[in-house]
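Student: Below you'll find the structure I mean.
Taken together, the values in this text are just the output of simple stated rules run on the coordinates, not laboratory data. Everything quoted here is computed from the prediction, not taken from an experiment. Cβ placement follows ideal geometry from the backbone for every residue including glycine, while neighbour counts extend to all protein chains displayed.
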Amino acid sequence: MKFTVDGAEVDWRWIMKHPSWGWIKEEGRWDEMRRQDRWFLDEYGFTDLFKEYGVEYVNVTEEVWQGRTADAREIKEAVEARLAPVFREELYSFIPKRLYELRGATLIRLFGLIPDPLRSWWHGPNNQWLGRSIVDIIKVYSALFQIYGICEALRHAIVSCHKGEVKTPWGSYDIVRDLGVLAFSRDLVSLDAVLCSLIGADPEKISYLSLGERAFGIYNRRHVEDAKMSAGNWFPVPSEKR
């Protein structure tokens, strides 16, 4: 991707070194993002669904960029009263007031809770910052809400594999249909450890799970083994291993 900043063309490598988003709003890119956001909600029926059930849609990026955020000092105090500080303190300034008003309520953990439109900066070169970013997001939100993790593959699931049927610029995937799996827990580290194990990834070798254990406590290895015994052959093997 190419961007123009102060009249000069830059790429994502420049952006990784300059995590400030004032320029992206000045270029008019934020208007384009708003348009894409509206299109997605309309196209896939969310606009009608929200209207039917009286759901309030909150775009975290919009709230943060408009300055409608909770006091970062209060967020910092809430997090560090229970947990070690986050790696990057700007996360404390990313909580919309509308969400902060609901603190103590139930929150199902979702992607997209960091407002930066280019997630590469939070992944870091070769994903070296990804683990700490995942853990930090959970630190902030778990200090404010009753957090639940959910992972569903009821109709479709994707399995990353080199020879997968779906080709994208960032990798290849197989699609598994009608798997009928739903995983749900308040213990997010255990939940991810179990799921990683079921798809053939060793939880002991996954960096963010190690960071998660240090932040939130040791996950129960017995749960991992019990899940593998119960699941049997539910989970598919990527095509290159077949």
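Student: Cross-link list Lys139/Lys167; Lys2/Lys167; Lys163/Lys205; Lys76/Lys205; Lys2/Lys76; Lys25/Lys167: which exceed 28 angstrom alpha carbon to alpha carbon?
Tutor: Lys139/Lys167; Lys76/Lys205; Lys2/Lys76; Lys25/Lys167
Student: Taking the 0 to 90 degree range and rounding to the nearest ten, how far is the long axis of helix 207-216 tilted relative to the main principal axis of the chain, both from C-alpha atoms?
Tutor: Taking Cα atoms only, the helix is inclined about 80 degrees.
Student: At 222 nm, what helix-only mean residue ellipticity would the chain give, in deg cm²/dmol to the nearest 500, using -39500 (n - 2.57) for each DSSP H run of four or more?
Tutor: -11500 deg cm²/dmol
Student: Counting Lys +1, Arg +1, Asp -1, Glu -1, what net charge surrounds Phe46 among other residues with beta carbon under 13 Å of its beta carbon?
Tutor: -4
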